[in-house]
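What follows is a short report on a single structure.
The values are calculated or read from the model by the stated rules, or taken from the named source; none is laboratory data. Worth saying up front: this structure is predicted, and the values here are computed from it rather than measured. Cβ coordinates were reconstructed from backbone atoms using ideal geometry, including for glycine residues, and neighbour counts include every protein chain displayed. Please note that ligands, DNA and RNA were not included when accessible areas were found on the heavy atoms of the full protein model with its side chains. Shrake-Rupley method; radii C 1.70, N 1.55, O 1.52, S 1.80 Å.
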Amino acid sequence: MRQGLPAVLTVLSAAALAVTTVAPASASTPTRSGDRYVNPVSAAFADTFADPSVIRGKDGYWYAYGTSDPLRGGEKTPHRIPIARSSDLVTWTYVGDAFSDATVPGWADTSRGAALWAPDIRYVDGQYRMYYVVTETTATDEPNDNAVGLATAPTPAGPWTDSGAPVVGPRRGGAGEPGNFLWTFDPSAVTDTDGSQWLFYGSYYGGIFVQRLTDDGTRVVGDATRVAIDNKFEGAYVVRKNGYWYLFASTANCCAGPTTGYSVQVGRSRDLRGPYVDRDGVPLTASRAGGTPALVQNGNRWVGAGHNAVVTDLAGQDWIAYHAIDRGTPYLDGTDGINRRPMLLDRLDWIGGWPTTRAGAGPSATPQPPPATGGVRSLDDGTVPPSGWAAVGSWTSVADAQSGRAAHSQGPAALVSRRSVGGDVRVEADVRSGGAAVGLAVGDPRARDGVVATVQPKTHRLVLQERRAGRVVRSQTAVLPAGADLARWHSLALDVRRRTAHAQLSSARLGDPLADLTLVLRADPGPRAAVVADAAGAVVDNLSVNRASRPVTRPVRDDVPSRLDPSASDEFTGGALAPGWSWVREDPAATVVDGMLRWPTEAADLTGTSNDAGVLLRDPGAGDWTIQTQVTNDLGTDDVRNFEQGGLVVYVDDDLFVRLSHVAIWNTRQTEFGKEMPYAGRLSYGGTIVGPPDTTTLLRITHHVDPATGEHLLRAWSRRPGDPWVRGGVWALPAGSQLRVGLVSQGGTGATNDFDYFRLYR
């Protein structure tokens, strides 16, 4: 376990000879300190950049990959997986496409208009791997025979070489039905803690599956396990945090123009293969499907926020990259066709063990503090040590095909920060080893105090140790996966926050670490950061030191009006409706009985042009308010009962309303918050999903007026009895609209909604 440590500690002690006393200073500041960025971050190079996937390359730049659409309005011709590059995660430049007409995979049937969708980028065993969807293949002569492919490259920008065959081939969805294939969409690869490779894939038709990959990533093997139900989830992305795997998955329609309600929900599991459950313990595979919202629209310009990736900045703060739609300009060209879905980036917080975007505030539309991407010392000019660092022992500059140039130890050696860091700090570097132990340290070389994380190839371990006066006083060790080739580049991070040290070794900083260690320290480690090597053969690049991010621990607070207005409410206890109700198309089957409003679902609907369903309404009055009901129904589970539902409505007229219902959507049961509105001479409808329903479900909508625009902002909430409220997304209705509120029971015959009450709070 202690192999290589004596030499490392000796190097740290020697560092005191090379570092003169300097005034304490911040280790670094975020890129463009005091600056701000504004979404969408893809605006400089693209009007649309859907389904983004992001990686930090070994050259120190971040790279983003998007679905194959035209990048600009009017361009018409799709790019074949466009690639962009950034030094700070918010300013991006287009660098090319992964494929050209000449290099498109041979098994993609371009004669049938094959498209390339939803790329997922990884770095494994020294190569970049990009998984993607091919919508039409040569595997069959039938339409819709979609599959997942793989291309590899030595650098993030390419050149990309397809593996020559599908990784996951077309999967039939029905025997003897030509063109009936399950949706093999949205691949996302991940490395398990034992080093094995796995692929998540799937979409609404079939659900999301996980399956093991061969070590070279070119094909799946073994049985596939379904981890999320069909007809609710797609766009999987998985990260490991605090001993759990978190499955991010998008839900609802991605592409309904101004009424797109796409959003991201999350489940977690101790095992990569599941089962994944939400905050309340509801499985993502259940018919009444679980899912804790992590990204929902908030009533500003952005709707349809989803299909995400997760990226970590150099201070250790997570960020969520995703696409969304500006409801004022929802289409790339004109008022129909390709939805305009640019890439956005926002802070991702972990509160109470669950991820949420900007502490629950959702997509940003105003200037925001940028990610921390400074503090980097480039070695590409061949200068070792880089500016601001002192060398102990001998280092040389070496050329590297993936990183540019890097520092190479010629014996026991260190690179030590000249400035004090102090406080909470994060140190990172890309490292590879020719046999030497290589690591990161934070400490006081003169006193021989500090904490050091070392990758030790001889014992194939990551070791995290605290030392006092040169003596190791605490230690944690992780055995690395047998297949981890430490001669290849890996990313090593060490952060110290409030006397807790955390070290992580990964292939590419994508949330699937090979080793993850935490150590509670006896004392503050000291003011210096260092890279250390115990012998010749350690190679280091992309060294950075930053103040560690300060985690956000509290969610944003919602103003939920909670003073009951009895005059605007109805407990349904008097044998008849209370005063104040009015009907649009009265349904005589709705009766007040046994202390509830019993209303069988109508074979009618409010959406589209039929407008034949009954709507029970009352006037909410002015100001902010909450409406709430508790509904019990017999929708059951699993069978197809499209689209029987019951719930709340906020109604302007038959073509402009929002509706929050417990609804049967194919084999699932969901709480959908839908909106219909006139748009470009037609009606546009879409929904966003809240929390899981139950036989009895509580529903509420909160109302506020946007002081800047006068729009009515309506947020959905749902709750199973005994569980906390699940906070959903926001729809906006136009300023000046005369709102009425009430109940609906519609979508097909066969079920009955029993409403226990209708309450309005101010």
If we keep only residues of segment 262-283 that are touching a residue at least 60 places away in the same chain (Cβ under 8 Å) and over 16 Å from the mean Cα position of the chain (by Cα), then the residue farthest from residue 668 (Cα to Cα) is 272
Residue set 719, 715, 682; condition touching a residue at least 60 places away in the same chain (Cβ under 8 Å) and basic (Lys, Arg); output residue 715
For residue 496, state whether it is under 26 Å from residue 391 (Cβ atoms), within 29 Å of the chain's Cα centre (by Cα) and buried (at least 22 other Cβ atoms within 10 Å of the Cβ).
yes
Review point. Going by the structure shown, is residue 584 of a type in the set (A, V, I, L, M) and open to solvent by 30 Å² or more (accessible area, probe 1.4 Å)?
Key: no
Checked pairs for segment 731-746, first of a type in the set (Phe, Trp, Tyr), second open to solvent by less than 20 Å² (accessible area, probe 1.4 Å) and assigned to a strand (DSSP E or B), C-beta under 7 Å and 6 or more apart or across chains, list as 731/658; 731/673; 731/675; 731/714
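How many residues does segment 117-161 hold that are of a type in the set (D, E, K, R), more than 24 Å from the chain's Cα centre (by Cα) and under 28 Å from residue 507 (Cβ atoms)? Working first, answer last.
First, the residues of segment 117-161 that are of a type in the set (D, E, K, R): 120, 122, 125, 129, 136, 141-142, 145.
Next, only the ones that are more than 24 Å from the chain's Cα centre (by Cα) stay: 125, 136, 141-142, 145.
Those still in the list that are under 28 Å from residue 507 (Cβ atoms) too: 125.
Residues meeting the conditions: 1.
Of all strands (runs of 3 or more DSSP E) completely enclosed by segment 280-393, which ones contain at least 1 residues that are surrounded by fewer than 21 Cβ atoms within 10 Å (Cβ to Cβ) and among the acidic types (Asp, Glu)?
Once the strands (runs of 3 or more DSSP E) in segment 280-393 are filtered for at least 1 residues that are surrounded by fewer than 21 Cβ atoms within 10 Å (Cβ to Cβ) and among the acidic types (Asp, Glu), what remains is 318-326.
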Subset of segment 416-450, residues surrounded by 24 or more Cβ atoms within 10 Å (Cβ to Cβ) and closer than 11 Å to residue 527 by Cα, comes to 416, 417, 421, 425, 441, 442, 443, 445, 450
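For every residue, the table says whether it meets (1) in a loop (DSSP other than H, G, I, E, B); (2) in contact (Cβ under 8 Å) with a residue 24 or more places away in the chain.
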position: 567; (1), (2): no, no
position: 588; (1), (2): yes, no
position: 599; (1), (2): no, yes
position: 603; (1), (2): yes, yes
Taking segment 91-116 and the residues there that are farther than 28 Å from residue 37 by Cα, of a type outside the set (S, T, N, Q) and outside any loop (DSSP other than H, G, I, E, B), the one that is nearest to the chain's Cα centre (by Cα) would be 116
Listed by first then second residue, the pairs whose first member lies in segment 517-535 and is within 17 Å of residue 437 (Cα to Cα), whose partner is of a type in the set (Lys, Arg) and open to solvent by 30 Å² or more (accessible area, probe 1.4 Å), with beta carbons under 7 Å and at least 6 positions apart or on separate chains, are none
The one condition residue 737 fails out of (1) assigned to a loop (DSSP other than H, G, I, E, B); (2) open to solvent by less than 10 Å² (accessible area, probe 1.4 Å); (3) in contact with a His (Cβ under 8 Å, 6 or more places away or on another chain); (4) not aliphatic (A, V, I, L, M) is (2)
Restricting segment 394-405 to residues that are free of Cβ contacts under 8 Å to residues at least 24 places away in the same chain and open to solvent by 30 Å² or more (accessible area, probe 1.4 Å), the one nearest to residue 529 (Cα to Cα) turns out to be 394
